[in-house]
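What follows is a single structure, written as structure tokens, with notes after it.
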Amino acid sequence: MTKNSTHPEAKYPARLPSTLLERIREKGRVNNRSINQEIVHGMTQYLDGLDELQLLIATMKRQLVAIQST
């Protein structure tokens, strides 16, 4: 996040396996992002994907209930 962001930044030191850090570093290099930016991007993508998955599961449950009640 940049200092101009409307969201305050929080520092959270994390211990990562060296192999994971190297993967993140390489992804960041390819995507022209810092390690921190790559971690934030990856976590955002992951959490957004979980949100979409939860919506899909809820929709499928409703459809299953509708099918079972016919």
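Tyr12 - would you say it is hydroxyl-bearing (Ser, Thr, Tyr), surrounded by fewer than 11 Cβ atoms within 10 Å (Cβ to Cβ) and assigned to a loop (DSSP other than H, G, I, E, B)?
Values: hydroxyl-bearing (Ser, Thr, Tyr): yes; surrounded by fewer than 11 Cβ atoms within 10 Å (Cβ to Cβ): yes; assigned to a loop (DSSP other than H, G, I, E, B): yes.
Yes; evaluated as a whole, the condition is true for this residue.
Every condition in (1) part of a helix (DSSP H, G or I); (2) at pLDDT below 95 is met by Gly42 except one, and the failing one is (2).
The values are calculated or read from the model by the stated rules, or taken from the named source; none is laboratory data. Computed from a predicted structure; not experimentally measured. Counting neighbours? That spans all protein chains shown, and the Cβs are built from the backbone with ideal geometry, glycine included.
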